[in-house]
Structures are given as structure tokens and as C-alpha cells.
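Please read the structure below before turning to the comments.
The values are calculated or read from the model by the stated rules, or taken from the named source; none is laboratory data. This one's a predicted model, so the numbers in the text were calculated from it and none came from an experiment. So basically every Cβ, Gly included, is an ideal-geometry build from the backbone, and we count neighbours across all protein chains shown.
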Amino acid sequence: MKWIPNVLTGAAALLLSLGAQAQEEPIILVENGKSKWHIEALDDSVSFHAARFLQEQVRTLTGCTLPIGKGNLRNAILIGNSEEMITRTDDWSSAFDHEGTFALELRGSICIGAMDPEDILIATRDFVSGLPGVDMLAPGVFMHVPQQRLRALPDPYDAYIKPAFAFRMAFYHPATNADYSRWHLLRPVIKTRDSEDPEWGLWVHTMHRFVPHAQFETHPKYFAERNGVRVPDQLCLSNPEVLRITVDSLRAMMVRKPAAKYWSVSQMDNFNHCQCALCHHTDSIEGAPSGTILRFANAVADSFPDKVISTLAYQYSRTAPKFTKPRPNVNIMLCSIEEDRSRPIATRDQTGSFTADLREWSTLTHNIIVWDYVINFSHLVMPFPNWKVLAPNLQLFRDNGVPMMFEQGLSSPGGEMPEFRTYLLAKLLWNPDLNVDSLRWRFIDHFYGDAGVYIDKYTHLLEEELDKSGKPLTLYEHPQAHKDGYLSPENIAKYKMLFNSAEAAVMDEDTIYQWRVEDARLGIMYAELEIARAMPHAPNGLFEKDSMGNWHAKPYYEELLNTFVARAKKHGHRLLHETRLTPDEYLAEFSAHLKNGALSHLAVGKTISFETPPDARYPGGGPDALIDGFTASTNYQFGWQGWYGNDMVATIDLGEARFVQSVKAGFLHDQQSWIFLPTTVSIEYSADGSTFKTWGTVEFTDAGKKITLGTRKAELTPWDRPVSARYIRIKAKNLGDLPAWHGGKGHCWLFCDEIEVYGE
């Protein structure tokens with residue numbers, strides 16, 4: 001007997017042959033359109049439903065219809081409950097002395113069944129998944145390669161080869177489908193807060209589950225010290241009370257979920273780890289902040305020797321400690337969030353790289369789960385050509401002894417070509433040595449029908465243009481980062497032509513292919529909108545001038561926006577960003593930009609000078625970015641000019657004296673990126689450029705407080721009637737050092753966009 005463990009349920013699937021001849025020769029179900037075999041449903045409607053499913057798959061593959069009904073026991077495919085099968089097969093009960101689903105050969109019959117009648121259809125699906133030429137591309141979507149000679153058990157199929165990783169999860173919406181995840185032997189997708197996986201009690205970022213924020217007021221020393229003050233962002237892991245409370249809290253949670261083996265005791269999702277004297281001392285000895293974390297996790301694990309305590313090696317804790325080793329029951333969740341997806345991770349192996357950190361951790365333990373990332377989380381539908389690095393990255397993890405893989409995509413409906421991405425991951429998680437181009441064509445050819453040849457060219461062209469640009473591909477960047485590379489207007493025009501051809505190829509075919517091509521095209525539509533927003537001066541920009549010289553949105557982009565949003569909603573896309581921005585919200589935000597993003601005011605086209613030039617890293621797209629007549633979005637990388645720790649003092653020369661009525665200046669606040677509002681903004685005016693008078697000052701009283709991402713305008717309209725002025729000076733006061741609560745150590749950035757001057 002040959003036992004194959006079922007990695008999904010812990011049950012066992014049995015492949016059994018009672019004769020030596022059957023071990024050597026495959027069973028032939030169909031040859032040249034003919035078969036000696038029939039299907040027999042042994043009991044209830046579930047078995048008959050499974051029999052019809054098998055019949056349909058074989059007919060699609062070979063054109064041969066296996067009859068369903070009773071017949072000779074030899075050459076029968078018996079489907080049903082174990083007890084019924086024992087009766088039908090002359091009480092061969094010893095063959096069924098196991099639990100779970102099974103597919104086996106007994107004296108010329110094939111038996112497919114389960115101990116639990118509800119699992120009979122699952123057992124049949126497992127059997128079908130082993131037939132050559134059958135595959136599930138997406139939930140409910142099968143691929144069939146016609147077969148002249150259809151083999152069955154006990155031929156050694158790829159599905160029974162030992163997988164590269166024992167734990168395999170593709171965190172994508174198609175894998176939330178139970179049939180799909182079982183077909184590809186993936187773990188069902190779990191939630192990130194309270195795990196639905198029976199083996200996991202808690203997933204990640206759990207420290208505040210044990211010691212909640214609410215305790216900060218009464219017990220501030222339970223929490224992290226940053227820049228000499230306590231902040232509630234992380235815990236102080238050197239405090240013995242924190243350890244005691246964590247163990248007590250965890251023990252209570254385990255009582256409520258006793259079967260769970262893995263329990264995450266892991267840092268929160270920010271960089272504000274504790275720097276108190278004790279934590280700093282430990283981290284200094286260990287050479288990394290992971291020292292304090294691992295010592296804490298080990299101490300927790302000592303209290304639960306029959307459980308596995310999982311902790312993160314993530315961002316500031318990614319580097320392994322020098323001396324402390326994980327306990328045998330401590331699992332390291334190693335995260336690759338910072339990595340460039342344009343090239344394999346292994347091409348970067350210098351000290352401090354992810355590759356170097358992986359090797360260090362693998363010398364300490366093989367109880368590692370790698371948390372890898374395969375999507376742009378800020379722009380979920382943006383074309384993200386990372387396919388070629390999936391296999392070499394998984395090979396790197398496997399070759400360093402990693403037994404567990406979590407590939408994070410998008411578990412909710414939507415994203416860029418999610419079926420294609422999930423399929424690639426499902427196959428490569430089992431065997432990273434498979435050829436990605438072959439897998440790509442296998443999927444695209446069958447999933448998109450006659451449009452497949454154009455979709456295939458599109459995916460290859462994306463890769464080629466990314467390679468040609470030499471730019472990195474990262475997880476949170478805006479499409480604008482590639483406006484001169486693979487998402488240039490010229491390249492977008494090429495992609496659009498390919499999609500035009502793809503749509504034409506399936507215009508008269510089954511509407512399901514039209515539907516799939518339409519969904520795949522959303523990425524290019526989104527990129528075209530965002531690139532046009534990033535290049536207001538270019539011919540492909542959002543705006544154009546009318547005959548009166550006033551800017552307005554091009555009708556083409558208004559139509560494109562409406563079409564994109566309508567299609568995104570039609571295809572079930574819930575969010576365009578990892579945590580926010582529904583299609584309707586995107587429509588409202590972008591529509592407002594089309595209405596207000598191009599401005600006509602007195603300073604446009606004039607000259608501007610600075611006492612301290614903006615930082616060279618954030619030039620805003622040109623020296624006149626602050627008076628070019630176009631406003632920027634909340635993406636600080638484009639359109640904004642920035643000053644690190646310095647005040648902004650900008651002087652605009654209107655060229656001649658003008659009657660000025662009001663002045664506005666836009667500022668960004670993105671505190672996670674160290675960008676804060678100025679404390680004050682003063683407006684001055686002059687006739688000669690030498691003697692200036694103050695018109696007024698705007699104060700931002702919340703500049704140093706915690707506020708969410710956004711923009712703010714300093715606006716002054718201090719006169720009852722216009723005043724003559726040629727020069728306008730704007731002084732914006734930088735907040736200075738980062739506030740203590742922020743946790744970082746350094747200066748604040750000040751970011752300004754459009755300075756608007758209105759009058760006559």
C-alpha cells in the first residue's frame with residue numbers, strides 16, 4: 001500500500017494496488033474514443049452527482065461517454081461511501097481500514113469514496129485532478145487537453161510528488177474557493193485577524209491583543225519608549241509584566257481554540273519598537289532589534305511546549321540576532337516587503353539584503369514561514385509584471401530550507417488578473433522548477449480563448465519594457481514611477497492595440513471570453529488615467545486649453561474615467577487600494593481633479609526663486625512646479641517640492657505690477673512619510689523686490705498633531721480691494737524635529753505644491 005498525506009485536512013488519501021502488474025502498468029480508461037469502463041454510483045444523490053461530474057470530465061477530454069449504472073464489477077469505477085463499497089466489493093474491508101478520502105484499485109475496479117458521505121464529491125474531484133490533461137484554471141473553470149489515451153490510477157502523477165513546501169497559501173480571492181484550493185492542494189485563505197485555519201489561533205501583529213492600547217494611560221511602562229517618551233505603538237518586551245500578561249492572555253485564548261497549534265506573538269505594523277535602556281541593551285548585544293523580540297518569543301514558548309509560537313522578522317526586525325536561537329517551538333515569519341520585484345531576490349546578496357538575512361535565519365532554524373508579496377498594494381489594478389521572479393524567488397526559499405510559504409496578493413475580489421496570478425502561484429508553490437512561460441501560455445490560451453495570443457504578447461511586452469527601463473518594481477509605488485518606462489504613453493498605446501485585437505478576436509465568441517478580456521484591460525485603463533495625471537504638460541496630459549486660453553479636462557479622459565469605474569464595479573472590484581478607495585470614491589476624487597486640477601492664475605508662466613532650493617530628491621517635476629497651473633495628488637513623489645528640516649521661502653515675480661486680491665498655497669501632510677504641515681505660512685508683497693510688507697499669516701495649530709493623509713491650503717484674502725504688487729513672497733515655517741510621539745528621529749519634511757495668485 002502507498003499512503004499519501006492529505007496536506008489540507010490531515011486525512012489520508014490511499015492509492016492501493018493488489019497486483020504487481022497493476023503497479024507497473026497504468027490503467028487505461030479510454031483509448032481512441034472507446035472504453036471498457038463504466039461508472040457506478042453506489043448510494044445517494046451525492047454519489048450520483050459525483051458520477052456525473054466524472055462522466056462529464058472524461059467526455060470533455062476524450063469524446064467518450066462512460067455509462068453510469070450497474071454492471072460487471074471488473075472495469076467499474078465505483079463511487080460512494082466506504083460501507084456501501086465494502087458490500088459491493090465482497091467485503092474487502094481490510095482495504096478501507098483508514099480515514100479520509102481515497103481512490104484505489106481493487107481487483108480490476110477503481111474505488112473512489114470517503115468515510116464521510118459528504119466528502120465523496122471531494123474524493124472524485126481529487127481523482128479527476130490526477131487525470132492528465134485536466135486542470136482547474138479558476139474556480140469552476142476547467143482546462144481540458146484532448147486525450148487519445150486516458151490513463152488513470154496507479155500511474156504516478158505530478159500531484160503525488162512531494163511538494164517543495166509543506167505549507168502553501170496563495171492569498172488571492174480565487175483561493176478562497178474551497179474547490180479551487182483543494183484542487184491545487186493549497187491551504188484555504190485565512191483572515192489576518194482571527195484565523196479561520198484550524199491550525200492557527202492567531203495570525204500576525206498581535207501584541208496589542210495581549211496588552212491593549214487601553215492600558216497605556218494607567219501603565220505607560222508596558223509600552224515602547226521612543227525619544228525618551230512612552231508611545232502606545234509597540235510594547236516594551238523587556239518588562240516582565242508584559243511577559244506575564246501576554247502568557248496569561250494567550251492561555252485564555254488557547255482554551256477557546258484548543259486544537260490550534262500556531263499562535264502568533266508578533267510586533268505591530270509600525271517601526272516604533274522600544275528603545276528603553278533594557279531593550280536597547282539587548283538589541284545592542286544581539287546586533288538587531290530582533291534580539292529583544294526573539295528572547296520574548298522564546299520565553300512565551302517555554303510556557304506552551306505543546307504549541308508553536310510564531311513571531312515576525314519584519315522590517316526593523318528582519319535581521320537575525322547574533323546569539324539567541326529560536327526555541328524548537330518558535331516559528332519565524334520572515335517578510336520580504338522591501339524587495340524589488342523586477343529582478344530575483346537572490347541577485348541581491350550583500351550584507352543587509354533579504355537574501356543575507358534569509359541565510360542567517362536558516363542557520364538558526366528551519367521553522368520558518370516566508371511571507372512574500374506579489375502585488376502593488378497601493379494600486380491594486382496597476383499592471384505589475386513580476387511573473388518572471390516568482391519561480392527563482394521560490395527556488396531561493398526552498399534551497400534555504402524554508403518549509404512554509406505565504407504569498408500575499410488580494411483576498412477580496414478584484415486586482416490585476418487575479419486568476420492568472422493565483423494559478424501561477426498554485427503551480428509554483430508545489431514545484432518552483434516548472435517553466436513559467438509554459439504555465440503562462442497554458443493558462444492564457446485556455447482562459448482567454450482566441451484572445452489569448454494577444455494577452456500573452458501583452459504580458460511579455462510588459463516584462464520586456466520593465467527590463468529595458470532598468471527601474472525597480474516595488475509594492476507601494478505609483479504608476480507615475482514608470483511614466484518613462486514600461487508605463488510610458490508610448491508603451492500604453494502598444495498595450496491598447498493588443499487589447500483592441502484581443503477584444504476583436506472574441507467579439508463573436510462566448511461572452512465569457514469577452515468578460516475576461518474586459519476585466520484584464522482594467523489595468524491599462526487605470527495606468528493611462530494615472531500617467532496622464534502625472535504628465536500635465538505632455539500631449540497625453542489630462543488637460544487642454546480652449547480658444548480663450550483656459551484649461552479644461554479633455555473629454556477623452558472624462559469618458560475613460562467613467563468607463564473604467566463602471567467596468568471595475570461590474571467586475572466586482574471592491575477596492576483600488578489595499579485598505580481604501582472604492583471605485584465610486586476614485587470616481588469622485590478623480591472627477592474633482594479633472595474639474596480643479598488645472599488652474600489659471602496670475603503666477604502661471606512667471607518666475608519663482610527660493611532662499612533655500614527644494615531638495616534635489618523632490619523637485620516637483622521642474623523649477624516652476626509651484627506655479628505651473630497644475631495641482632498634485634497626495635502622492636508625495638510627484639508634483640511636490642520638498643524641504644527637509646528647512647523653511648520654504650519662495651518669491652514670485654509677476655513681471656509687472658498687478659492688482660492682487662488673494663494668495664493660496666497648498667501643503668501636504670503624510671506623517672508616515674515624515675511630511676508635516678508648516679506651523680505658519682506668511683504672505684508678503686513688494687513693488688520693487690527689496691522692501692516687503694506682510695499681508696497676513698495663516699497658522700496650522702495641528703501641524704505637530706497626529707492627522708491622516710491629506711492636503712491643506714493656506715489662503716489669505718486680506719483686503720477689501722486689490723493691492724498693487726509685482727512680487728509675492730511666501731514663507732512656510734518647517735515644524736523642525738519630528739514630534740516625540742512619531743517615534744522616528746530626524747527632521748520633518750515640508751512639501752508645497754501650487755502657489756496660486758489671483759487678481760486683475
request  = Select from region 37-57 the residues that are of a type in the set (D, E, K, R) and at pLDDT 90 or above and write down the one among them that is nearest to His144 (Cα to Cα).
outcome  = Glu56
request  = Could you list all residues from region 446-480 that are over 30 Å from Ala632 (Cα atoms) and in contact with a strand residue (DSSP E or B) (Cβ under 9 Å, 6 or more places away or on another chain)?
outcome  = His446, Phe447
task = Please work out which residue is surrounded by the fewest Cβ atoms within 10 Å (Cβ to Cβ), limiting yourself to region 199-214 and to residues that are in contact (Cβ under 8 Å) with a residue 60 or more places away in the chain and not aromatic (Phe, Trp, Tyr).
result = Glu199
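Here is a yes/no grid of residues against (1) out of contact with any helix residue (DSSP H, G or I) (no Cβ under 8 Å at 6 or more places or on another chain); (2) modelled with pLDDT under 85:
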residue	(1), (2)
Asp135	no, no
Pro139	no, no
Val145	no, no
Phe165	no, no
Arg182	no, no
Arg193	yes, yes
Trp200	yes, no
Tyr222	no, no
ask   = Lys70 fails exactly one of the following numbered conditions: (1) among the basic types (Lys, Arg); (2) over 23 Å from Arg151 (Cβ atoms); (3) free of Cβ contacts under 8 Å to residues at least 24 places away in the same chain. What is the number of that condition?
value = (3)
message = Need the failing condition index for Tyr448 against (1) at pLDDT below 95; (2) in contact with a helix residue (DSSP H, G or I) (Cβ under 9 Å, 6 or more places away or on another chain), just the number.
response = (1)
inquiry  = With the requirement that a residue be without any contact (Cβ under 8 Å) to a residue 40 or more places away in the chain and not β-branched (Val, Ile, Thr), what does region 496-514 give you?
reply    = Lys496, Met497, Asn500, Ala504, Met507, Asp508, Gln514
ask   = Name the residues in region 239-271 that are crowded, with 21+ Cβ neighbours inside 10 Å, among the polar types (S, T, N, Q) and not in a helix (DSSP H, G or I), would you?
value = Ser264, Ser266, Gln267
request  = Pull up region 671-708, narrow it to residues that are surrounded by fewer than 18 Cβ atoms within 10 Å (Cβ to Cβ) and among the small types (Gly, Ala, Ser), then point me to the one that is nearest to Trp749 (Cα to Cα).
outcome  = Ser673
message = Out of the residues in region 425-440 meeting the condition of being in a helix (DSSP H, G or I) and in contact with a helix residue (DSSP H, G or I) (Cβ under 6 Å, 6 or more places away or on another chain), tell me which one is farthest from Trp371 (Cα to Cα).
response = Leu439
task = Just need a number here: residues in region 583-615 that are closer than 22 Å to Ala534 by Cβ and outside any helix (DSSP H, G or I).
result = 11
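This table checks each residue for (1) in a loop (DSSP other than H, G, I, E, B); (2) surrounded by fewer than 20 Cβ atoms within 10 Å (Cβ to Cβ); (3) basic (Lys, Arg).
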{"site": "Arg516", "(1), (2), (3)": "no, no, yes"}
{"site": "Asn562", "(1), (2), (3)": "no, yes, no"}
{"site": "Lys569", "(1), (2), (3)": "no, yes, yes"}
{"site": "Thr579", "(1), (2), (3)": "yes, yes, no"}
Residue check for Ala592: of a type in the set (Gly, Ala, Ser), at negative phi and either in contact (Cβ under 8 Å) with a residue 60 or more places away in the chain or surrounded by fewer than 16 Cβ atoms within 10 Å (Cβ to Cβ) (or both) = yes
ask   = Can we say Ala346 is at pLDDT 95 or above, within 29 Å of Leu462 (Cα to Cα) and not hydroxyl-bearing (Ser, Thr, Tyr)?
value = yes
ask   = Looking at region 708-753, which of its residues are closer than 22 Å to Tyr316 by Cα and outside any strand (DSSP E or B)?
value = Leu738, Pro739, Ala740, Trp741, His742, Gly743, Gly744, Lys745, Gly746, Cys748
Among residues of region 225-238, those that are among the small types (Gly, Ala, Ser) and in a strand (DSSP E or B), counted = 0
inquiry  = Residues to consider are Ile27, Ile77, Ile86, Ile4; find the one that is among the β-branched types (Val, Ile, Thr) and at pLDDT 85 or above.
reply    = Ile77
inquiry  = in contact with a Leu (Cβ under 6 Å, 6 or more places away or on another chain) and either farther than 25 Å from Lys162 by Cβ or assigned to a loop (DSSP other than H, G, I, E, B) (or both): is that true of Tyr495 in this structure?
reply    = no
remark   = Restricted to region 390-437 and to residues being at pLDDT 95 or above and of a type in the set (Ser, Thr, Tyr), the residue surrounded by the fewest Cβ atoms within 10 Å (Cβ to Cβ) is Tyr423
note = Expected single match for of a type in the set (Val, Ile, Thr) and either surrounded by fewer than 17 Cβ atoms within 10 Å (Cβ to Cβ) or in the same structural domain as Asp248 (by TED's automatic domain parsing) (or both) among Ile332, Ile309, Ile369, Ile345 is Ile309
note = All conditions in (1) within 14 Å of Tyr476 (Cβ to Cβ); (2) aromatic (Phe, Trp, Tyr); (3) out of contact with any strand residue (DSSP E or B) (no Cβ under 9 Å at 6 or more places or on another chain) are true of Tyr373 except (3)
Lone unmet requirement of (1) touching a Leu at 6+ places or on another chain (Cβ under 7 Å); (2) assigned to a loop (DSSP other than H, G, I, E, B); (3) acidic (Asp, Glu) for Asp688 = (1)
remark   = Checked region 315-362 for anything in a helix (DSSP H, G or I) and without any contact (Cβ under 8 Å) to a residue 12 or more places away in the chain; matches are Thr347, Ala356
note = When (1) within 18 Å of Thr563 (Cα to Cα); (2) surrounded by fewer than 16 Cβ atoms within 10 Å (Cβ to Cβ) are applied to Pro472, the one that fails is (1)
